[in-house]
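The values are calculated or read from the model by the stated rules, or taken from the named source; none is laboratory data. In this text, all values refer to a predicted model and were calculated from it rather than measured experimentally. Neighbour counts run over all protein chains shown; Cβ positions are idealised from the backbone, glycine included. These accessible areas exclude ligands, DNA and RNA; they are computed on the full protein's heavy atoms, side chains included. Shrake-Rupley method; radii C 1.70, N 1.55, O 1.52, S 1.80 Å.
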Amino acid sequence: QPVLAQSKLATREFHAELSTDDQMRVVESPAKGAADLVVDLKTLEVKWKVTFRDLTSRPTAITLHGPAQPGANGVVFLDLAPKSKTSPAEGTAQLNDAQVQFMLNRWSYIEVSTEKFPKGEIRGQIQTMRPQTLTSKPEL
C-alpha cells in the first residue's frame, strides 16, 4: 500500500499558471496557459486538464517535470499529451509515491514546448490547492 494512502484526504488538487515568466531562459511569447490536476492519494492516479493559447508555433510536447524547485530544471516524468498536442490536453495516468511527493512539495512544473521553443515556451510551477472536502473527488 502506498505511503500516501495513509492520508485522511482522498484527493489533492494542484494548479499551475503557465507563462514565459517561469522559463529558465528568455522567451519572447504572448502565450499563456493553466493546468489543473487531481491526484487520488490511495491509487496514485492523476487526472489533468492543461489549456493554453497564443503560442508562437505548433506545440510539440506538454509535460510534467520534477523534482525541481522554482528556478530549477527537472526531468520529464509524465507526458500530458501523448496523442494530441491541442488545448485542452486532458488525461489520466498512474504516478508513483516519489512523483506525488514532488507535486505535494511544489517541486514539479508543467511545460509546453513548441517548434519555435523546443526547450519550452511556457511553464508553470505546480501549487497545492487547499483541500475542499475530505471525501469527495473534485471534477475537472
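Whether any residue in segment 27-40 is at pLDDT below 95, within 15 Å of the chain's Cα centre (by Cα) and of a type outside the set (D, E) is what I want to check.
no
Among the residues that make up segment 26-48, is at least one of them among the aromatic types (F, W, Y) and over 20 Å from W107 (Cβ atoms)?
The answer is no; no qualifying residue exists.
Filtering segment 53-94 down to residues that are charged (D, E, K, R), over 21 Å from D21 (Cβ atoms) and in contact (Cβ under 8 Å) with a residue 24 or more places away in the chain, which residue is surrounded by the fewest Cβ atoms within 10 Å (Cβ to Cβ)? Break it down stepwise before answering.
So the first thing to find is which residues in segment 53-94 are charged (D, E, K, R), and the list is 53-54, 58, 79, 83, 85, 90.
Cutting the leftovers down to over 21 Å from D21 (Cβ atoms) gives us 58, 79, 83, 85, 90.
Okay, now just the ones that are also in contact (Cβ under 8 Å) with a residue 24 or more places away in the chain, so 58, 85, 90.
Numbers: R58: 10, K85: 18, E90: 15.
Taking the candidates together, the pick is R58.
Scan (1) open to solvent by 50 Å² or more (accessible area, probe 1.4 Å); (2) touching a strand residue (DSSP E or B) at 6+ places or on another chain (Cβ under 8 Å); (3) at pLDDT 95 or above for the single condition M129 breaks and write down its number.
Checking M129 against (1) open to solvent by 50 Å² or more (accessible area, probe 1.4 Å); (2) touching a strand residue (DSSP E or B) at 6+ places or on another chain (Cβ under 8 Å); (3) at pLDDT 95 or above, the one that fails is (3).
Closer than 25 Å to A10 by Cβ and of a type in the set (D, E, K, R): does that describe D79?
So D79 fails the test.
Can you say whether L18 is open to solvent by less than 30 Å² (accessible area, probe 1.4 Å), out of contact with any Ser or Thr (no Cβ under 7 Å at 6 or more places or on another chain) and modelled with pLDDT of 95 or more, as far as the supplied structure shows? Spell out the reasoning first.
Working: open to solvent by less than 30 Å² (accessible area, probe 1.4 Å): yes; out of contact with any Ser or Thr (no Cβ under 7 Å at 6 or more places or on another chain): yes; modelled with pLDDT of 95 or more: yes.
Spelling it out, L18 is indeed open to solvent by less than 30 Å² (accessible area, probe 1.4 Å), out of contact with any Ser or Thr (no Cβ under 7 Å at 6 or more places or on another chain) and modelled with pLDDT of 95 or more.
I'm trying to understand the selection: among the residues of segment 63-92, which are in contact with a Phe, Trp or Tyr (Cβ under 8 Å, 6 or more places away or on another chain) and aliphatic (A, V, I, L, M)?
Selection gives L64, A68, L80, A89.
Only one of (1) open to solvent by 20 Å² or more (accessible area, probe 1.4 Å); (2) at pLDDT 95 or above; (3) under 13 Å from the mean Cα position of the chain (by Cα); (4) within 27 Å of R25 (Cβ to Cβ) is not met by K116, so which one is it?
Exception for K116: condition (3).
Take segment 20-57 and flag every residue that is farther than 28 Å from D97 by Cα and in a strand (DSSP E or B).
K32, F52, R53
Looking at segment 95-106, is at least one residue among the acidic types (D, E), open to solvent by 40 Å² or more (accessible area, probe 1.4 Å) and either in contact with a strand residue (DSSP E or B) (Cβ under 7 Å, 6 or more places away or on another chain) or under 21 Å from V26 (Cβ atoms) (or both)?
No; the residues of segment 95-106 include none that is among the acidic types (D, E), open to solvent by 40 Å² or more (accessible area, probe 1.4 Å) and either in contact with a strand residue (DSSP E or B) (Cβ under 7 Å, 6 or more places away or on another chain) or under 21 Å from V26 (Cβ atoms) (or both).
Please find, among F102, F117, the residue that is without any contact (Cβ under 8 Å) to a residue 60 or more places away in the chain and aromatic (F, W, Y). Explain how you work it out, then say what you get.
Details: F117 fails: without any contact (Cβ under 8 Å) to a residue 60 or more places away in the chain.
Of the residues listed, the single one that is without any contact (Cβ under 8 Å) to a residue 60 or more places away in the chain and aromatic (F, W, Y) is F102.
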